[in-house]
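Contents: one structure, followed by commentary.
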Amino acid sequence: MKVIETNALTKYYGKFRGIENVDLSIEEGEIFGFIGPNGAGKSTTIRLLLNFLYPTSGTARIFGKDCFKESHEIKKLVGYIPGEVNYYEDVKVKDLLEYSITFYHGNKSEYRKRMIDLSERFDLNLDRKIGDLSLGNKKKVSVVQSLIHNPKLLIYDEPTNGLDPLIQNVLFDLIREENKRGVTVFFSSHILSEVQKLCTKVAIIRDGKIATIEDIESLRKKHYKVVKVEGRIDEINLPGIKNLKNENNTLSFMFSGDINELLLFLSRKKITDITIEDPSLEEIFMDYYSKEDENNEHIQMGI
Amino acid sequence: MNIFRWEFKRLRKLLLAWTLAFVLLQFMYSSFFPSMASEEGGLLLAKLNMLPKVFLKMFGLENLDLTNILHYYAMQGQFIVILIGSVFAAKIGSNIVVKEESDKTAEFLLAKPVTRSRILTGKLLSTIVCIAVFDIIIMIANLAFFNIYNTSDTFDFELFWLLSIAPLMIHIVVGLLSFMISVLQRKTGRADIFSLGVVFSLYAASVLAKLTEKLELLKFFTPYSYFDPSNIVKTRSFEATYITLFFIEILGLIIVSYIHFRKKDVYI
């Protein structure tokens, strides 16, 4: 079943571009990463999904329901963490969470138990005033708040923002646990390593448009290799070579051509050392982000 | 109801502070009354009546016999309770919606399984209840103070209720007007200032309507004219035209607020 499905979703803020023709399709049980630099349209997409905004055109559905007509129905099953947490400063954490509970039908004492369990897990003091909390602690409140009512879909907008690495791990463990119970996760970030750790699928958004949607493994494997060769090679000229550097007798480049041709070429040279590796996600994504020669290179690299 | 309860709780302190201040002010003004009704007071009043008619009209002193405690209230109450109380109503109404967008707390509420209309209903109810509690407590306090300091043997309850309901009616229009401004605006500061500007303009319009015949038509556009205390003392009633206008206005303000909020892009 499709949990999130958008179709040519477009939002303009007056003349300014928010997102354009975003098509997303997220299956039940996926941990779906949504990657892009700041200002690319990640938050706009999420705010449309939650109907803080109305679209300029296009459609969006969650659990088969229209995001702009039945949003309140959808939200019964959604847990949301905002990118920047801004809660009522003058109330206690506990009061806010209790208020949050009043919005959900279901067993309130079970929710309350979950509130206490989760707070303990995140080492969150329920009696503090929200205004007195650090950024990281506010984020913890929003994490707890997003999980109390046992949602079926988590929409997390840069959830690790402001959390220290230890707590990040607690959060990731929790996300994995929830996922195992069948919860779908839509997770935006501009930090690639965390997406790599957690997500099964990823969409890359740039300048308001989806650049690509791929399985995280195939994205890494299928496209190209990072090659380093040490030895006496003066020149290498094969189709599919990119970012060629020659330093201290070491050639390094990215290769997306026929690997046999490369080996054949190298076998005729005198080399002392060689490594052929998969690129890191950073290297892949830098490619999507870099504006120079974008079209040519993408085509060349088959991305 | 959970939104109403939450919102009302958040207004509680402000409500308490303003109500207390007004009860004290009313106590103070009521305690001055016996000296107004005394001989020296009578002398002052004789002088007052020699002032130009325009002046009397401007300060709402027309038709008033200031040795009667209710007429005395009609004079002071229109500035203290009606006008300054409007500042309270405007403050409550103008903050309640826009503040969530300005402080970015709307993100919490909008992510909950409630419709936009229910959010607005909770906020609207707490605005109206807050204003009603404010005016009703002042009403009860006045009833007590006026009976303590009344120098005459009789107390005109009918006129008392009319004069006491007037501020409530005006405050409700002002509150709802500010509420609508709060829905339309995006920044707290601007909604505040805009609402206060509208309040004082409406008050000024009601004074101008009294002073100049050419501008008499203005009285149909401002709630301060609908429920003008010196006029209530004279007619001992609310005019049907004004009551009709009052209901049309509050209905209009509520409808515009709902229509706009349901389709609004909330920027956070």
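Working only within the range B:5-26, note down all residues that are within 11 Å of chain A (Cβ to nearest Cβ) and surrounded by 13 or more Cβ atoms within 10 Å (Cβ to Cβ). Answer for the range B:5-26, where residues must be within 11 Å of chain A (Cβ to nearest Cβ) and surrounded by 13 or more Cβ atoms within 10 Å (Cβ to Cβ): B:ARG5, B:TRP6, B:GLU7, B:LYS9, B:ARG10. If only residues of the range A:1-19 that are assigned to a loop (DSSP other than H, G, I, E, B) and closer than 21 Å to B:ILE268 by Cβ are counted, the one that is least open to solvent (accessible area, probe 1.4 Å) is A:GLY14. If you take the residues of the range A:104-128 that are of a type in the set (D, E, K, R) and surrounded by 14 or more Cβ atoms within 10 Å (Cβ to Cβ), which of them is farthest from the other protein chains (Cβ to nearest Cβ)? Within the range A:104-128, the match that is farthest from the other protein chains (Cβ to nearest Cβ) is A:ARG121.
Applying the selection to the range A:270-298, what residues are open to solvent by less than 100 Å² (accessible area, probe 1.4 Å), modelled with pLDDT of 85 or more and more than 16 Å from A:GLY240 (Cβ to Cβ)? Result: A:ILE271, A:ASP273, A:ILE274, A:THR275.
Exactly one residue among B:LEU163, B:LEU196 is touching a Pro at 6+ places or on another chain (Cβ under 7 Å) and not polar (S, T, N, Q), and that residue is B:LEU163.
Residue count for the range B:218-263 under the criterion of being touching an Asp or Glu at 6+ places or on another chain (Cβ under 9 Å) and surrounded by 18 or more Cβ atoms within 10 Å (Cβ to Cβ): the result is 6.
The one condition from (1) free of Cβ contacts under 8 Å to residues at least 40 places away in the same chain; (2) within 14 Å of another protein chain (Cβ to nearest Cβ); (3) open to solvent by less than 10 Å² (accessible area, probe 1.4 Å) that A:LYS139 does not meet is (1). Taking the criterion of being more than 8 Å from chain B (Cβ to nearest Cβ), over 24 Å from the mean Cα position of the chain (by Cα) and either surrounded by fewer than 16 Cβ atoms within 10 Å (Cβ to Cβ) or of a type in the set (A, V, I, L, M) (or both), the only residue of the range A:66-88 that qualifies is A:LYS69.
Restricting the range A:42-63 to residues that are small (Gly, Ala, Ser) and at pLDDT 95 or above, the residue that is least open to solvent (accessible area, probe 1.4 Å) is A:ALA60.
Would you confirm whether or not the range B:107-128 contains a residue that is under 12 Å from the mean Cα position of the chain (by Cα) and in contact (Cβ under 8 Å) with a residue 24 or more places away in the chain? Among the residues of the range B:107-128, at least one is under 12 Å from the mean Cα position of the chain (by Cα) and in contact (Cβ under 8 Å) with a residue 24 or more places away in the chain, which makes the answer yes. Annotation: of all residues in the range A:146-177 being open to solvent by less than 10 Å² (accessible area, probe 1.4 Å) and part of a helix (DSSP H, G or I), the one that is nearest to the other protein chains (Cβ to nearest Cβ) is A:SER146. Screening A:LEU96 against (1) more than 12 Å from chain B (Cβ to nearest Cβ); (2) at negative phi leaves a single unmet condition, (1). Taking every residue in the range B:226-251 that is without any contact (Cβ under 8 Å) to a residue 24 or more places away in the chain and pairing it with any residue that is in a helix (DSSP H, G or I), at least 6 positions away or on another chain, the pairs with Cβ-Cβ distances below 6 Å are B:TYR242/B:TYR226.
The values are calculated or read from the model by the stated rules, or taken from the named source; none is laboratory data. The model shown is predicted, which means the values in this text are computed figures rather than measured ones. When we count neighbours, we look across all protein chains shown, and the Cβ atoms used for this are built from the backbone with ideal geometry, even at glycine. Side chains are part of the model used for accessible areas, which takes the heavy atoms of the whole protein and leaves out ligands, DNA and RNA. Shrake-Rupley method; radii C 1.70, N 1.55, O 1.52, S 1.80 Å.
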